1. Just for region 38-64: of the residues that are in contact (Cβ under 8 Å) with a residue 24 or more places away in the chain and polar (S, T, N, Q), which one is surrounded by the fewest Cβ atoms within 10 Å (Cβ to Cβ)?
2. In this structure, does L325 turn out to be among the hydrophobic types (A, V, I, L, M, F, W, C) and at pLDDT below 65?
3. So, restricting to helices (runs of 4 or more DSSP H) that lie completely within region 63-168, which ones have at least 1 residues that are on the phi > 0 side of the Ramachandran plot?
4. Are there any pairs, at least 6 apart or on different chains, whose C-beta atoms fall under 7 Å, with the first in region 158-169 and among the small types (G, A, S) and the second surrounded by 19 or more Cβ atoms within 10 Å (Cβ to Cβ) and at pLDDT 85 or above, and if so, which?
5. Within the group I80, I94, I112, which residue is farther than 25 Å from A379 by Cα and either in contact with a Gly (Cβ under 9 Å, 6 or more places away or on another chain) or in the same structural domain as V166 (by TED's automatic domain parsing) (or both)?
6. Can you work out which of the residues in region 80-137 that are surrounded by 14 or more Cβ atoms within 10 Å (Cβ to Cβ), free of Cβ contacts under 8 Å to residues at least 40 places away in the same chain and among the aliphatic types (A, V, I, L, M) is nearest to G61 (Cα to Cα)?
7. Within region 198-215, work out how many residues are in a helix (DSSP H, G or I) and over 23 Å from I115 (Cβ atoms).
8. May I ask you to list the residues in region 136-188 that are of a type in the set (S, T, N, Q) and touching a Gly at 6+ places or on another chain (Cβ under 8 Å)?
Amino acid sequence: MKKGHVILIIILFLISVTAAFYFFDIADFSELEKLPYYAVSSFLRMSAAYIFSLFFALSYGYTAATNKTARKLMLPVLDILQSVPILGFFPAAILFFIGLLPGRPGVEVAAIFLIFTSMAWNMAFGVHESLTTIPKELVEAADSFGLHGWQRLENLTLPVCVPKMVYNSIVSWSVGWFFLVASEIISAGKESYKLPGLGSFLIDTTYSGKIPLMLVGLSVLVIIILLLELFIWKPMQSWADKYAYEYAGEKKPGRFIFNTKIIKYSFRFIFEAFSKITVTVYIVFHRHRWIKIISKSLGYAIIISALAYVFYVLLVSINKLLLNLPSDAYSIPLAIVYSFLRLSAAYLICIAWTIPAAYYIAKSKKASSYLIPFIEVVASIPAIALFPALVVIFIS
């Protein structure tokens with residue numbers, strides 16, 4: 001039985017379970033009428049965040065890989081951003097998006113931004129890694145043929161990014177689904193904003209104790225994930241195989257389900273615009289040295305002012321803390337230790353099973369065809385959906 005057939009069987013089973021819940025009225029399913037709307041809303045937010053993440057990854061990763069001076073700053077910044085939890089971006093989402101765009105449009109843009117923060121960094125690292133690991137013979141061949149500008153991007157830069165981008169896109173989508181709950185319910189202090197979607201539906205049904213409803217919402221999420229695997233990611237992986245130079249001559253490339261010319265011209269438009277902007281800025285700064293001098297002076301002034309302001313805020317904050325230190329503040333060092341120990345334990349557990357599992361999957365094509373989709377589905381399930389089972393198994 002083929003992998004696609006197995007996925008279709010699972011999808012039909014989940015649809016049957018959902019329909020059985022609905023038609024036999026096992027629970028109060030009046031809220032299920034809005035579930036298709038929730039599913040479409042969440043999918044559109046994910047798609048918008050992915051498009052922005054793709055543009056960001058290509059531009060940021062390309063600049064970091066080709067500009068050695070910029071790389072020294074860009075990679076550490078990217079690493080820091082990747083380490084910030086999605087909750088750490090809530091204040092920025094509320095301040096810059098909800099504050100500037102009142103009403104639902106601002107909340108929608110904020111949610112897309114939060115999903116973007118769970119996707120973009122991983123994809124940018126993928127582009128950078130692809131471009132910095134190009135074999136020397138490919139670079140020499142491109143130089144010997146005199147490929148520059150868009151021709152070099154089309155024939156060397158973009159093709160080597162395709163395999164890594166497809167793989168990292170799958171991972172980023174899984175992470176985006178995982179953090180969907182946090183993206184659709186934005187809370188910071190007394191302010192709270194909620195959007196209609198699968199993430200908010202899952203958390204509402206879980207906290208209200210409507211476990212059957214939560215299971216139906218979860219089954220809808222799994223159905224969407226499997227449909228994406230069957231009709232998007234699987235064809236894209238086959239399409240990306242022909243760009244994997246390490247497998248040249250070993251695999252017969254599959255046929256991509258979409259029109260590759262659309263993707264090609266879309267990338268061409270993005271990179272031509274990006275290149276024109278870069279060249280224009282370069283010409284302006286090098287032909288008009290006074291602009292360069294002014295911009296450098298202004299940059300130094302901004303940096304010095306920012307450092308002075310941060311130093312002032314730290315002094316004021318330390319002074320206030322020393323004078324009005326709450327009793328709970330003394331527990332912060334111990335809380336940091338506990339959190340570090342939990343993260344370390346979880347990391348060791350992950351290492352203990354993922355390395356043998358990855359080795360087994362890499363060695364067995366048959367196992368990979370069945371286990372990879374299963375892992376993608378499990379990785380995409382939001383943590384909130386696991387709370388009832390965790391309570392029953394570990395706490396009760």
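The values are calculated or read from the model by the stated rules, or taken from the named source; none is laboratory data. All of these numbers come straight from a predicted model, not from anything done at the bench. Using ideal geometry, Cβ is built from the backbone for each residue, glycine included, and neighbour counts are taken over all protein chains shown.
1. Step one: of region 38-64, the residues in contact (Cβ under 8 Å) with a residue 24 or more places away in the chain are 38-39, 41-43, 45-46, 48-50, 52-62, 64.
So of that shortlist, the ones also polar (S, T, N, Q) come out as 41-42, 53, 59.
Numbers: S41: 21, S42: 28, S53: 25, S59: 17.
The selected residue is S59.
2. Working: among the hydrophobic types (A, V, I, L, M, F, W, C): yes; at pLDDT below 65: yes.
Yes: the conditions hold for L325.
3. On the way: elements: 68-83, 90-93, 104-132, 136-144, 149-152.
Helices (runs of 4 or more DSSP H) meeting the threshold: 149-152.
4. From residues that are among the small types (G, A, S), the pairs are S169/M123.
5. Numbers: I80 fails: farther than 25 Å from A379 by Cα; I112 fails: farther than 25 Å from A379 by Cα.
Exactly one residue qualifies, and that residue is I94.
6. I134
7. 4
8. Just the residues of region 136-188 that are of a type in the set (S, T, N, Q), to begin with: 144, 151, 155, 157, 168-169, 172, 174, 183, 187.
Hits for region 136-188 are N168, S183.
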